[in-house]
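The values are calculated or read from the model by the stated rules, or taken from the named source; none is laboratory data. From a predicted model like this one, the values you see are computed outputs, not experimental measurements. All Cβ positions, even for glycine, are placed from backbone atoms using ideal geometry, and neighbour counts span all protein chains on display.
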Amino acid sequence: MLKIIDKGARSTLPFSPAIRAGDFVYVSGQASVDREDGRIINGTFEEEMRRSIENLQVILEAEGLTLDHVINVKCYLGSPDDGAEHNRIYPEYFKDPLPTRSTISGVLGTLLKYELDAVAYAPLTRQQAQRD
């Protein structure tokens with residue numbers, strides 16, 4: 001199955017919010033934007049990070065999924081100085097066992113302070129995964 005997911009947070013930019021390919025859902029980069037019109041909403045690092053993750057949540061919910069279905073996250077920080085705050089806030093949304101993660105800093109210029117993209121596995125949550 002291949003399905004375009006165009007519900008939840010939308011953008012006026014040329015990309016799909018998410019695509020389901022079989023059991024996997026690939027979610028495009030989510031930033032601090034208005035879910036209806038894609039307008040950037042500037043704020044503190046914490047405000048932008050929370051809005052970005054909440055935009056990811058609404059896209060997943062449109063497909064009947066939660067953050068517990070996320071298996072991989074790529075995080076982009078505007079400033080390396082926000083790394084400690086990022087690591088403080090992140091576990092409020094992503095619970096154990098944690099998804100795999102890459103974090104890159106100093107890559108967003110001055111327009112955004114935070115962005116993330118994710119891959120979710122639809123049949124199971126991380127909590128249902130086998131452990132070695």
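Miscellaneous remarks
- Listed by first and then second residue, the pairs linking a residue in the range 85-104 that is of a type in the set (D, E, K, R) to a residue that is assigned to a helix (DSSP H, G or I), with Cβ atoms under 6 Å apart and 6 or more places separating them unless they lie on different chains, are GLU85/PHE45.
- Residues in the range 72-88 that are touching a Lys or Arg at 6+ places or on another chain (Cβ under 8 Å) and surrounded by fewer than 17 Cβ atoms within 10 Å (Cβ to Cβ): ASN72, LYS74, SER79.
- Filter result for GLU48 (modelled with pLDDT of 95 or more, out of contact with any strand residue (DSSP E or B) (no Cβ under 7 Å at 6 or more places or on another chain) and over 18 Å from LEU13 (Cα atoms)): no
- Each residue in the range 1-43 was checked for being of a type in the set (A, V, I, L, M, F, W, C), in contact (Cβ under 8 Å) with a residue 24 or more places away in the chain, assigned to a loop (DSSP other than H, G, I, E, B) and touching a helix residue (DSSP H, G or I) at 6+ places or on another chain (Cβ under 8 Å), and 1 pass.
- Only a single criterion out of (1) surrounded by 12 or more Cβ atoms within 10 Å (Cβ to Cβ); (2) part of a loop (DSSP other than H, G, I, E, B) is not satisfied by ASP96, namely (1).
- Unique residue being more than 28 Å from GLU85 (Cα to Cα) and out of contact with any Gly (no Cβ under 7 Å at 6 or more places or on another chain) when the list is ARG20, ARG39, ARG50: ARG20
- Residue tally, condition β-branched (Val, Ile, Thr) and either surrounded by fewer than 16 Cβ atoms within 10 Å (Cβ to Cβ) or closer than 18 Å to THR110 by Cβ (or both), over the range 1-59: 7
- Criterion (at pLDDT 95 or above, among the basic types (Lys, Arg) and out of contact with any Cys (no Cβ under 8 Å at 6 or more places or on another chain)) met by exactly one of ARG39, ARG20: ARG20
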